[in-house]
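The values are calculated or read from the model by the stated rules, or taken from the named source; none is laboratory data. All values reported here derive from a predicted model rather than from experimental measurement. When we count neighbours, we look across all protein chains shown, and the Cβ atoms used for this are built from the backbone with ideal geometry, even at glycine. Accessible surface areas use protein heavy atoms only, side chains included; no ligands, DNA or RNA. Shrake-Rupley method; radii C 1.70, N 1.55, O 1.52, S 1.80 Å.
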Amino acid sequence: MNHTLINDVAEQLSSEPAVAVATLVSATGSSSKKVGAKMFVGSSGRLVGGVTIGGCVDAQVIEAADSLVEGGGRKLMSISLDDDQAWEIGLTCGGSVEVVIDRVSPNDPSDPLVRAHEAAREALARDEGAVIVTSLDGEFAAFVVTEDGVRHGTLGSAAVDSASELTAVSVLHTESGVHNIGGRRYFFERVAPAATLIIVGAGQIAMSLSVMGREVGMRTVIADGRDRYATAERFPSADEVRVGMPSEIVASYPAGARLAVVLVAHDYKYELPVLRHLLRTPVGYIGMLGNKTRGAAVREELTKEGFTSDELRRIHTPIGLDIGGRGAGEIALSILSEIVAVQNGKRE
C-alpha cells in the first residue's frame, strides 16, 4: 500500500460506520496491479481504490464487500480466470487472484486493522516503512513491524509474533506477499514512504511533472530561483514550492534511494552545482533535460573537476524514455516513466 492511499482513506472514510477492506494477496500471471492493492467499500456505497484495474474481479469483490459491511466477518476469495477475463484486468493470460475482505469500523480504536493502519501511518509520518501482518487462516489478527523495529499488536502468540517479525524485516526491503508461519498463512503487506521528486526549474514541463508525480504517489517539490515562476498558484499539485538557490534546496533533503531529482531549468548555473552535490550521494535518480551534445558538454566539464565515468553515468541525459514526445506533457510523461522504470529495477 502506498502512503497516499493509507492517508487518503483515513480521511475519506472516517464518516463511515463500517468499511469493507479488500486486499489483493496473490495473483498468478503478470498483473498491472501489485499484490497489496486495496479497495475500500463504505457502508454508504463509497469506493476508494481497487484490487485490479476493473472488470469482473472488482465487481465480485464489491458484491462480497457489500455483504460483509451489512453482516460482518471476513472472506477469502479465490477467483479463477480464463484468458479473456484475465485480459480485462491486466493479466496477460488466464490464472487466478486471491482477495481477502475484512469488515472494519474506522472510528473504533479497538479494531485490530484500524490500530494496524494507525501504526503504519505514524511510521510514514516519520518517513519510515512498515509491514502489516494479517492472518489469512482462522480468526483475524494484525501485527505491525516498523522500520525502526517497533512492534504493534499481536498475531496471538509470542512465538508467532517473533517468527513473523523476522519475515517482516525482510519484506521491508522486498515486496508484499503471503508467507507460512507455523503451518498457517499470513499476508505481509509492505507500506512504503513516498518517494520524493525534486524538480529544478519551474517551467511548463515541471507543471506537468508535479501533477503526474502526485498521481503515482510521489511527494513533489518545485525548486527555482525565480519567485515569479515558483508559485503555489502555478503548482497546486506540488507538496512544496521553494524559491532559492536550487543546489541549497536539493542539499536540504536527505539523500537516499527514495529521492529523485530532475533538472529541467536548462541552465548551467543551476544544473552544475546540483550535479556536483548529487553525484557523490546515494540518490535514486538524477535526470537532466537536454540533447546528447549538451549532456556531453556537462560531463566533460565535470570530468575536468575530477568526477569519474561511473559517477557521470548516473546522469540520465537525454532525459526520459524515448516515446517520441514533443510537448511539455509528453516530455513529462517520458521523464516520469524513466523514474518509475529505475525505481522498479527495469532500467539503470
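Where in the stretch 207-237 are there trypsin sites (Lys or Arg not before Pro) that are in a DSSP coil and have at most 12 other Cβ atoms within 10 angstrom of their Cβ? Write down the numbers at each step before the final one.
Numbers: sites: Arg214, Arg219, Arg226, Arg228, Arg234; in loops: Arg226, Arg228, Arg234.
Here the sparse-neighbourhood loop sites are Arg226, Arg228.
Helix-only estimate, please: 222 nm mean residue ellipticity of the chain, summing -39500 (n - 2.57) across DSSP H runs of length 4 or more and dividing by its residues, to the nearest 500. Write out the running numbers ahead of the final one.
Numbers: 11 runs with 122 residues, N = 348.
For the chain, the value works out to -10500 deg cm²/dmol.
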Antiparallel DSSP beta bridges within the chain, as percent of all bridges there, nearest 5: 70
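For the stretch 306-348, build the convex hull from the C-alpha positions and give me its volume per residue in Å³.
Values: hull volume 3.2 nm³, N = 43.
Value for the stretch 306-348: 76 Å³ per residue.
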When DSSP beta bridges are limited to those with both residues in the stretch 157-305, what percentage is antiparallel, rounded to the nearest 5? 20
Along its principal axes, what span do the Cα atoms of the stretch 59-216 show, with the longest given first and each in whole Å? 55, 45, 31
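Considering only protein heavy atoms and a probe of 1.4 Å, how much of the accessible area of the chain is carbon and sulfur, as a whole percent?
Working: 8020 of 16250 Å².
Summing carbon and sulfur atoms, their accessible area is 49 percent of the total for the chain.
Normalised by the empirical 2.2 N^0.38 Å for globular proteins, what value does the Cα Rg of the chain take? Provide the component values of the computation, followed by the final result.
Numbers: Rg = 22.4 Å, N = 348, 2.2 N^0.38 = 20.3 Å.
After normalising by residue count via 2.2 N^0.38 Å, the value is 1.10.
With N set to the number of residues, divide the alpha-carbon radius of gyration of the stretch 152-232 by 2.2 N^0.38 Å and report two decimals.
Details: Rg = 20.6 Å, N = 81, 2.2 N^0.38 = 11.7 Å.
The value comes to 1.77.
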Please compute the volume of the convex hull spanned by the alpha-carbon atoms of the stretch 241-348 and report it per residue in Å³. 109
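In nm, what is the difference between 0.36 nm times the number of residues separating Thr303 and Arg276 and their Cα-Cα distance?
Values: separation 27, 0.36 × 27 = 9.72 nm, distance 1.09 nm.
Result: 8.6 nm gained on full extension.
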